[in-house]
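Asker: Submitted below is the structure of interest, expressed as structure tokens.
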Amino acid sequence: MIVLENTPSLVLVLAVGVLCGAGVYLLLERPLTRVLLGIILLSNGANLMLLVAGGRAGASPIVGNAPPTVRMSDPLAQAMILTAIVITLALSAFILAMAYRSWQLHGHDEVADDVEDRRVARQAAVNEPAFVDTDAAETGETLDEEAAGLYDEVLERAERERVERERGDGDEPEPGEGPR
Amino acid sequence: MIDTAALWSVQTLVPLPVLVPLFAAGLTLALHRYANVQRIVSVAALSITTAASAGLIWAADNGPVVVDVGGWAAPVGIALVADRLSALMVTVSGVVLLCVLLYSLGQGIAEGEDDPAGDGRVGGTIPVAIFHPTYLVLAAGVANAFLTGDLFNLYVGFEILLAASSVLLTLGGTAERVRAGSVYIVVTVMSSLLFLTAIALIYGATGTVNMAQLAERLPEIDPTVRVALQALLLLAFGIKAAIFPLAAWLPDSYPTAPAPVTAVFAGLLTKVGVYAILRTQTLLFPSSAAVDQVLMALALATMLIGILGAVAQNDVKRLLSFTLVSHIGYMIFGVALASEGGTAAAIFYVVHHISVQTALFLVVGLVEWRGGSTSLDRLGGLARLAPVLAILFFVPAMNLAGIPPFSGFLGKVGLITEGVRDGSGLAWALVVGSVATSLLTLYAVVKAWNKAFWQDAPSDIVPDRALPRGLVLPTGALIAFGLALTVVAGPLYGYAERAARTSMDGFTYVNAVYPGGAERGQGESVEVSEEGEGS
């Protein structure tokens with residue numbers, strides 16, 4: 001087994017930590033552009049980690065360029081980083097296009113809750129009157145009226161969502177402007 | 001050891017499943033104005049791929065077929081390796097990709113007649129001009145992931161299919177698809193970054209990313225570091241394979257895509273993750289009881305929670321997406337047993353599940369075409385209105401649930417036999433869990449059957465609308481392929497057992513790729529570059 005002289009530079013390790021930490025923080029945000037920034041930071045962190053894994057810097061890895069006693073740096077790590085950078089670039093461009101499309105459709109690029117989440121939330125809202133102790137509040141309305149009011153609110157929310165969705169769907173792209 | 005002259009033709013088969021679709025992708029992109037030529041090129045490319053892979057199945061039975069890409073031997077260059085497991089996976093995925101391609105052509109033609117705008121957006125959803133190139137790139141990515149013998153190249157394969165799948169998922173760019181696509185791409189990019197981190201750490205720990213060399217070096221490193229690396233890889237692949245705590249993205253993103261796209265995703269993409277788990281667990285890492293127990297617990301949770309999700313659904317596409325998650329649990333069960341028998345059963349199950357899950361999604365596409373919806377409340381009476389459709393749904397549904405004599409039954413029997421042989425408490429829990437999951441799957445598909453096919457037809461279903469032959473034939477072909485798996489189950493299971501044996505012992509694989517300084521791959525990469533011959 002080859003023993004690699006691999007003691008990493010502390011600065012690089014710290015940089016990896018900061019990049020990944022900031023990346024994760026941004027990844028947890030709602031708008032897609034911030035998520036994208038998080039992904040870019042994270043991928044830079046991962047790339048830097050590959051560089052660290054390749055060992056310390058040395059002479060340029062071109063044979064005959066350095067005296068035989070000098071250690072060359074590892075070209076494989078750099079080749080892998082280069083590949084990873086290209087891949088991240090392509091995916092970033094795609095995510096940007098998606099954020100732009102989302103902005104075209106909705107006026108913002110926030111990632112919506114998934115369908116199951118929304119369904120569970122809706123069920124919870126529908127069931128809500130059964131769990132709220134309406135007797136405790138003196139509002140002058142009968143329980144039935146209060147329940148009806150709550151129910152309307154739910155319907156209203158559903159209706160608003162439906163309208164929004166239709167507005168989103170109605171805005172079909174022209175044949176020429178879909179993602180190519 | 002290997003007679004190079006005799007094997008020349010066999011070795012040329014190995015890169016074909018990657019190269020042919022990639023080349024055809026470029027060709028179809030250049031020919032985007034000629035839809036008919038595009039179709040011919042795509043079908044021809046995938047046919048060649050499938051034929052080449054079938055040849056590999058036969059060739060790999062005599063030992064792994066290795067190709068050094070670019071003429072550099074293993075530790076320096078990147079190797080493509082077709083052993084039994086890879087060859088089997090590539091072939092099954094080739095068949096599935098071809099059937100789904102024919103289906104999507106049928107769909108394009110059928111819906112084009114309904115909507116004769118002729119503006120390049122056939123079916124209102126699929127812009128044909130980019131569909132073919134993207135689909136072919138996806139095929140190349142899947143084949144690359146299956147065939148590679150290099151961990152970093154596996155990452156590249158994943159990224160190729162990820163990029164293509166995101167484009168396919170968001171075809172047309174409607175609001176619903178952009179929403180689903182955002183979740184999908186962020187989750188999968190995240191898993192790729194975890195994979196990349198794992199590669200960096202593995203490279204730091206061992207100084208190589210070649211799988212054969214890793215198989216030799218990983219057992220030598222500090223066990224705590226090794227378990228950490230293993231866990232990181234499992235995390236990355238677990239997201240791709242949709243294992244329980246990491247599966248929430250799947251039922252949310254798959255159902256919004258066009259039917260053929262959902263079908264091919266459901267059949268192949270998660271299985272690439274399962275394949276990666278199989279390969280790394282069996283080849284790279286020595287068996288570790290702790291990891292296996294965690295995997296068993298996760299397999300159980302995946303099965304049960306997935307199928308309970310399916311039972312709660314009221315939309316066929318979402319229902320099937322949850323059964324997909326649930327049945328991933330079976331394959332992980334087989335891997336977690338860490339025995340030859342368990343791995344063989346898992347391989348057989350993967351092959352069965354790729355064909356049956358894709359077929360079911362294609363049938364659901366037909367149901368949507370015929371009934372105008374995938375919601376079980378708005379469907380009905382299809383058994384009377386479209387008897388052919390009923391048969392097409394019934395056969396793979398029973399196959400999925402594991403009713404004898406279909407291949408689903410045989411795969412589950414294999415897994416349960418191995419679980420009983422293992423005999424530990426967790427294995428018994430998994431045996432009980434798999435039977436329960438099988439019954440609940442039956443309950444879920446029977447519920448779909450009752451509502452879509454037997455309840456009274458709602459008034460808005462068109463009474464007579466003949467199913468287009470272009471959609472029925474590919475679906476039928478894929479279902480026939482699933483039935484053929486039942487017919488050849490004996491030889492196939494034997495092949496899976498041999499595949500499991502080669503990937504478990506590791507020696508055959510390592511010796512084929514990197515025979516430690518014998519006739520191929522002389523010297524270490526470091527020495528080679530220092531001697532002035534390296535890359």
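Asker: Compute, for the protein assembly as shown, the length of the dipole vector about the Cα centre, with Cβ point charges of +1 (Lys, Arg) and -1 (Asp, Glu) only. Units Debye, rounded to 20.
Answerer: Dipole magnitude for the protein assembly as shown comes out near 1820 debye.
Asker: Amide H of residue A:72: which non-local residues (sequence gap of 5 or more, or other chain) have their own amide H closer than 5 Å, using H built in the peptide plane?
Answerer: A:59
Asker: Continuing with this model, one more query. Taking H placed 1.01 Å from N in the peptide plane, check which residues at least 5 places from residue B:65 or on another chain put their amide H under 5 Å from its amide H.
Answerer: For residue B:65, whose amide H was placed from the backbone, the distant partners under 5 Å are B:82, B:83.
Asker: Rank-order B:138-144, A:98-104, A:57-63, A:108-114 by packing density, defined as the average count of other C-beta atoms within 10 Å over each peptide's residues, highest first.
Answerer: B:138-144, A:98-104, A:108-114, A:57-63
Asker: Mind giving me the nanometre distance, one decimal, between the label points for residue B:23 and residue B:420, set 7 Å out from Cα along Cα→Cβ?
Answerer: Computed distance between label sites residue B:23 and residue B:420 equals 5.1 nm.
Asker: If one computes the Cα centroid of the stretch B:440-483 and of the stretch A:22-77, what distance in Å separates the two points?
Answerer: Here the answer is 51 Å between Cα centres.
Asker: Would you list, by chain and number, the lysines whose Cα falls below 20 Å from the Cα of residue B:271, excluding same-chain residues fewer than 8 positions away?
Answerer: By straight Cα distance, residue B:271 reaches B:240, B:317, B:412.
Asker: While we're on this one: In degrees, nearest 10, range 0 to 90: what is the angle between the Cα axis of helix B:128-147 and the longest Cα principal axis of chain B?
Answerer: 40 degrees
Asker: Based on DSSP H runs of at least 4 residues, each adding -39500 (n - 2.57), what is the mean residue ellipticity at 222 nm of chain B after dividing by all its residues, to the nearest 500 deg cm²/dmol?
Answerer: Helix contribution divided over all residues of chain B: -24000 deg cm²/dmol.
Asker: How crowded by other chains is B:185-191, given as the mean number of beta carbons from other chains within 10 Å of each beta carbon?
Answerer: 5
Asker: Just to confirm the number: angle between the C-alpha axis of helix B:289-311 and the first principal axis of chain B, 0 to 90 degrees, nearest 10?
Answerer: With rounding to tens, the tilt is 10 degrees.
Asker: Which whole number gives the average count of other chain Cβ atoms within 10 Å of the Cβ atoms across peptide B:201-209?
Answerer: 5
Asker: Please compute the average number of Cβ atoms from other chains found within 10 Å of each residue's Cβ in peptide A:98-104.
Answerer: The per-residue average across the peptide is 4.
Values quoted throughout were computed directly from the atomic coordinates according to the rules given, and no laboratory measurement underlies them. Quantities reported herein were computed from a predicted structural model and do not represent experimental measurements. Quick reminder, even Gly has a Cβ in these numbers, built from the backbone with ideal geometry, and neighbours come from all protein chains shown.
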